Amino acid sequence: MLEASTPGAPTYARHRLAWLDQLAYELFRVTGRSQLMQCLWLYDREVNLAALARTHERLAALAFNRLIEPSPLPWGRPRWVKPAGTPIPPEQSSDPLPRSRLLEWANQHARAPIDPVIGPAGRMAIQRFDDGSTAVSIVGSHLLLDGMGALRVIEAAVNGTGVPSPYLPKGARGLLSGYVSDSWQILADAPRTVAALARIAHANWYRPAAPLKMPAVTAAEAGHDPSTIVELPAVVVTVESRAWFACEQRLGGGLNTLLPGFVASLASHLGRSRFCDGAISLLVPINRRRGLDDERALAIEFHMMNVAPAGLTTNLRRVNASLKALLRGARKNQTDVLASLLPAIAWMPRTAAKTLVNRLFNYAGELPATCSDLGMLPDGLARIDGAPCRHVLTRAVDVNVTRQDLERSHGHLVVVGSRYDKTVSLCIEAYQMGPIPTTTDELRLVTSRTLADFGLDAIIDA
């Protein structure tokens with residue numbers, strides 16, 4: 001069971017990061033890799049700027065407009081604080097762009113600086129297009145809130161509800177108060193910390209994993225600088241809900257089984273299958289957030305689901321069985337193992353902590369594809385300017401990814417699915433290693449081919 005926020009906790013324990021959130025923060029400090037969530041609203045008209053300004057102000061007043069304040073003690077736990085000063089106003093260009101450059105603009109906005117420690121915590125932008133349409137983008141760090149939590153908070157801001165910020169302003173705690181409070185926290189955590197260190201030492205988790213036998217690296221690949229930053233290709237797929245559900249029913253699938261079937265088939269086309277048996281490993285996040293007062297940034301569990309790709313375009317019944325087993329918890333949740341070791345993270349050197357995480361999430365032989373289903377998006381979320389938009393997109397965006405990161409995971413594939421009104425949206429981010437790495441045009445082509453295999457007509461933006 002992962003550590004949860006505790007509103008009635010002693011003063012020294014309030015508003016500190018949960019262990020999983022702290023682990024994500026420590027990894028960010030080591031690698032510099034940012035995992036972001038982006039939500040896009042598309043209108044067939046100009047947006048109501050006054051209503052957008054109100055939504056922006058409400059977001060700034062809610063609990064999840066926050067930053068991370070490191071502890072003054074080497075082994076202290078960081079805490080949530082309120083940003084100092086006024087939030088950055090929405091960015092807006094006076095020049096319309098061609099509608100075909102929507103995703104290019106979204107990618108550019110996602111790469112604007114966001115820092116979970118010094119700020120800003122998030123950004124909003126507005127862009128008009130030459131066909132009279134307008135897009136609104138909100139980007140935030142997963143270190144501050146996961147995707148489902150962000151959607152709930154945005155909906156609360158639109159509706160004028162939500163939890164007001166309970167945090168102290170950044171730097172308001174004072175150095176002496178920080179030393180005393182964090183010392184008490186260290187003492188309170190001591191029994192769990194000692195137990196976690198013992199488990200790590202007993203299982204040799206701190207030692208690097210034995211290298212896997214991988215396909216030979218070509219001379220072209222070997223010549224690349226591992227610190228090179230790689231921009232991951234991305235496409236957005238829009239399918240009519242009626243066609244999507246008809247395909248799911250035609251293939252014998254149950255509710256929500258076409259998405260994992262599609263992701264598994266796409267992964268197979270991209271060559272992202274297990275080395276041992278050719279099966280596809282889907283990493284499925286499960287939402288565990290209890291409400292808007294749950295302070296955790298990452299209120300999720302990760303489950304692995306294995307699917308054989310053969311025959312998926314004609315029969316989804318095997319996916320039904322795998323999904324039911326996953327939801328019953330028939331497969332051990334990787335997060336359970338991680339939770340028992342997390343109290344030791346603050347006491348380990350960063351290099352050792354990174355080694356521990358690499359061992360725990362050593363998916364190199366699995367080559368997992370992340371399959372995130374956000375389900376039906378609430379109507380309130382779609383009214384970012386006070387009135388319903390035509391389309392809502394939710395994306396996962398990875399920024400500052402090095403070639404070394406991609407070599408360790410042997411590529412990357414994340415698909416986020418959601419439904420709004422009469423459409424199903426799939427936001428895909430992928431990169432496969434090889435002599436000729438994946439490009440946006442190639443990803444569009446492979447995605448189109450996978451859709452055709454399922455008999456689905458769709459619009460693909462890239």
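The values are calculated or read from the model by the stated rules, or taken from the named source; none is laboratory data. Owing to the predicted nature of the structure, the values given are computational and were not obtained by experimental measurement. Glycine also receives a Cβ, built like all others from the backbone with ideal geometry; neighbour counts cover every protein chain displayed. Heavy atoms of the whole protein, side chains included, go into the accessibility calculation; ligands, DNA and RNA do not. Shrake-Rupley method; radii C 1.70, N 1.55, O 1.52, S 1.80 Å.
Would you pick out the residues in segment 245-285 that are within 21 Å of Cys427 (Cβ to Cβ) and either of a type in the set (S, T, N, Q) or free of Cβ contacts under 8 Å to residues at least 40 places away in the same chain (or both)?
Phe245, Leu255, Asn256, Thr257, Ser265, Ser268, Ser281
Can you tell me which residues in segment 142-151 are open to solvent by 10 Å² or more (accessible area, probe 1.4 Å) and either over 20 Å from Leu67 (Cβ atoms) or assigned to a loop (DSSP other than H, G, I, E, B) (or both)?
His142, Leu143, Leu145, Met148
Would you pick out the residues in segment 49-89 that are farther than 25 Å from Gly291 by Cα and touching a residue at least 40 places away in the same chain (Cβ under 8 Å)?
Once the filter is applied, which keeps residues that are farther than 25 Å from Gly291 by Cα and touching a residue at least 40 places away in the same chain (Cβ under 8 Å), segment 49-89 yields Leu49, Ala51, Pro70, Ser71, Pro72, Leu73, Trp75, Gly76, Ala84.
Anything in segment 65-80 that is within 22 Å of the chain's Cα centre (by Cα) and either open to solvent by less than 30 Å² (accessible area, probe 1.4 Å) or basic (Lys, Arg) (or both)? List them, or say none.
Hits for segment 65-80 are Arg66, Leu67, Ile68, Pro78, Arg79, Trp80.
Looking at segment 138-153, I want the residues that are under 15 Å from Glu295 (Cβ atoms) and have a partner that is of a type in the set (Lys, Arg) with Cβ atoms under 6 Å, at least 6 apart or on another chain. Which pairs are those?
Gly149/Arg289
Of the residues that sit in segment 293-326 and are in contact with a Gly (Cβ under 7 Å, 6 or more places away or on another chain) and surrounded by fewer than 17 Cβ atoms within 10 Å (Cβ to Cβ), which one is modelled with the highest pLDDT?
Result: Asn315.
Pick out the one residue from Ala112, Ala125 that is in a strand (DSSP E or B) and surrounded by 14 or more Cβ atoms within 10 Å (Cβ to Cβ).
Selected residue: Ala125, the only one of Ala112, Ala125 that is in a strand (DSSP E or B) and surrounded by 14 or more Cβ atoms within 10 Å (Cβ to Cβ).
Just to be sure I understand, how many residues within segment 153-206 are open to solvent by less than 70 Å² (accessible area, probe 1.4 Å), in contact with an Asp or Glu (Cβ under 8 Å, 6 or more places away or on another chain) and of a type outside the set (Gly, Ala, Ser)?
Of the residues in segment 153-206, 2 are open to solvent by less than 70 Å² (accessible area, probe 1.4 Å), in contact with an Asp or Glu (Cβ under 8 Å, 6 or more places away or on another chain) and of a type outside the set (Gly, Ala, Ser).
Please work out which residue is farthest from Ala299 (Cα to Cα), limiting yourself to segment 152-175 and to residues that are part of a helix (DSSP H, G or I) and touching a strand residue (DSSP E or B) at 6+ places or on another chain (Cβ under 7 Å).
The extreme case among them is Ala157.
Can you tell which of Arg58, Arg33, Arg54, Arg45 is closer than 20 Å to His109 by Cα, surrounded by fewer than 22 Cβ atoms within 10 Å (Cβ to Cβ) and of a type in the set (D, E, K, R)?
Just one listed residue meets the conditions, Arg33.
Filter segment 438-449 down to the residues that are touching a residue at least 40 places away in the same chain (Cβ under 8 Å) and more than 22 Å from Thr257 (Cβ to Cβ) and list them by number.
Selection gives Thr438, Thr439, Thr440, Glu442, Leu443, Arg444.
Scan segment 421-432 residue by residue and report those that are open to solvent by 10 Å² or more (accessible area, probe 1.4 Å) and in contact with a Pro (Cβ under 9 Å, 6 or more places away or on another chain).
Asp421, Tyr431 - these are the residues of segment 421-432 that are open to solvent by 10 Å² or more (accessible area, probe 1.4 Å) and in contact with a Pro (Cβ under 9 Å, 6 or more places away or on another chain).
Looking at (1) in a loop (DSSP other than H, G, I, E, B); (2) in contact with a Leu (Cβ under 7 Å, 6 or more places away or on another chain), which one does Pro89 not meet, given that it meets all the others?
(2)
Would you say Thr402 is open to solvent by less than 10 Å² (accessible area, probe 1.4 Å), touching a residue at least 40 places away in the same chain (Cβ under 8 Å) and either under 23 Å from Leu27 (Cα atoms) or in contact with a helix residue (DSSP H, G or I) (Cβ under 6 Å, 6 or more places away or on another chain) (or both)?
In short, no.
From the list Arg395, Arg408, exactly one residue is at pLDDT 95 or above and either of a type outside the set (Phe, Trp, Tyr) or surrounded by fewer than 17 Cβ atoms within 10 Å (Cβ to Cβ) (or both). Which is it?
Arg395
Being assigned to a loop (DSSP other than H, G, I, E, B) and at pLDDT below 80 is true for just one of Arg207, Arg199. Which residue is that?
Matching residue, one of Arg207, Arg199: Arg207.
Could you tell me which residue of segment 128-141 is surrounded by the most Cβ atoms within 10 Å (Cβ to Cβ), considering only residues that are under 17 Å from Gln35 (Cβ atoms) and of a type outside the set (S, T, N, Q)?
It comes out as Gly140.
Could you go through segment 18-29 and let me know if any residue there is at pLDDT 90 or above, in contact with a helix residue (DSSP H, G or I) (Cβ under 8 Å, 6 or more places away or on another chain) and open to solvent by 60 Å² or more (accessible area, probe 1.4 Å).
No, segment 18-29 contains no residue that is at pLDDT 90 or above, in contact with a helix residue (DSSP H, G or I) (Cβ under 8 Å, 6 or more places away or on another chain) and open to solvent by 60 Å² or more (accessible area, probe 1.4 Å).
The rows are residues; the columns are (1) assigned to a loop (DSSP other than H, G, I, E, B); (2) small (Gly, Ala, Ser); (3) open to solvent by less than 10 Å² (accessible area, probe 1.4 Å).
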{"position": "Ser418", "(1), (2), (3)": "no, yes, yes"}
{"position": "Glu442", "(1), (2), (3)": "no, no, no"}
{"position": "Ser448", "(1), (2), (3)": "no, yes, no"}
{"position": "Ala452", "(1), (2), (3)": "no, yes, no"}
